[in-house]
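Here the structure is laid out as structure tokens; the discussion comes afterwards.
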Amino acid sequence: MLVLTRKNGESIQIGDDIEITVIGIKGDQVKIGINAPKHIEVHRKEIYLEIGQENEQASTGLANLLNILPKKEK
Amino acid sequence: MSISTKYHGEMEVAQEEIWHFDSGIPGFLNEKTFVLLPLEDNPLFQILQSTENKNLAFVLTNPFYFNKNYDFKIDEGTLEQLSLQNEKDVAAMVIVTVKDPFEKSTANLQAPVIFNLSNQKAKQMILTQTEYKTREFIFQQLPASKG
């Protein structure tokens, strides 16, 4: 991993169109601003992983799944 | 084309029925083509079936049916990726993690699946500024049948 040291207000440029700026530092929290093209998705890592894990769980399914789903009464 | 499905056996699907998830789905980034299959006698749920992988299928539902207050904004990146221009072309569904008994099932309101009905592009959109979680209990009280 490339490691760079930045001060508050300083930025990192990635490629032509991604810019990451340290907006503020407070205790053990760092506020980061990200400028990126719209097709680049930016997510908190743990949330991105959580969505993937939930998808894996949701797709596992249950053997009798079709019987568990409630039927709409007619 | 003919596909193998998890819940519907072998079946024929037309090219124009295929939904294109160009960036895959989190956890399954290589899965880019799916079909939406109805469940017989059960209009509340549909199956999102991978066309490539027989065993990959999700249960989807219309979140607004179970939670009338569900609300989110489609971000600009998603609008661009799906080439969404007209509100009437949008459909949104959520993935259900089914548990037995069904009341313990949850829906992923934090990452709805957005469909562009005009071009068959779709994407699971992760909401960034939201209170919704990946496991929301929305099935504990089923809405009364509307006949």
Within the range B:30-46, can one find any residue that is touching a helix residue (DSSP H, G or I) at 6+ places or on another chain (Cβ under 7 Å) and among the aromatic types (F, W, Y)?
-> no
Flagged in the range B:49-107 as in contact with a strand residue (DSSP E or B) (Cβ under 9 Å, 6 or more places away or on another chain), within 24 Å of B:N30 (Cβ to Cβ) and part of a helix (DSSP H, G or I), in numbering order, are B:T78, B:Q81
Do you know which residues across the range B:30-48 are modelled with pLDDT of 95 or more and either in a loop (DSSP other than H, G, I, E, B) or at positive phi (or both)?
-> B:N30, B:E31, B:K32
Checking A:L66, A:L49 in turn, the sole residue that is more than 7 Å from chain B (Cβ to nearest Cβ) and not basic (K, R) turns out to be A:L49
Please verify whether the range B:77-84 includes one or more residues that are under 25 Å from B:T130 (Cα atoms), more than 16 Å from the chain's Cα centre (by Cα) and among the charged types (D, E, K, R).
-> yes
Test B:I114 against the criterion of being touching a helix residue (DSSP H, G or I) at 6+ places or on another chain (Cβ under 8 Å), among the hydrophobic types (A, V, I, L, M, F, W, C) and in contact (Cβ under 8 Å) with a residue 60 or more places away in the chain, and give yes or no.
-> no
Pairs under 9 Å by beta carbon, first residue at pLDDT 95 or above in the range B:117-130, partner assigned to a strand (DSSP E or B) and of a type in the set (G, A, S), six or more apart or different chains?
-> B:L117/B:A91; B:A122/B:A91; B:M125/B:A92
Residue count for the range A:19-45, restricted to those that are within 25 Å of B:V59 (Cβ to Cβ) and either modelled with pLDDT of 95 or more or more than 7 Å from chain B (Cβ to nearest Cβ) (or both) = 0
Would the range B:52-75 turn up any residue that is more than 14 Å from every other protein chain (Cβ to nearest Cβ), of a type outside the set (A, V, I, L, M), out of contact with any His (no Cβ under 6 Å at 6 or more places or on another chain) and more than 28 Å from B:F137 (Cβ to Cβ)?
-> no
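The values are calculated or read from the model by the stated rules, or taken from the named source; none is laboratory data. Here the structure is a predicted model, which is why all the values come from computation and not from measurement. Cβ atoms come from the backbone with ideal geometry, glycine included; neighbour counts cover every protein chain shown.
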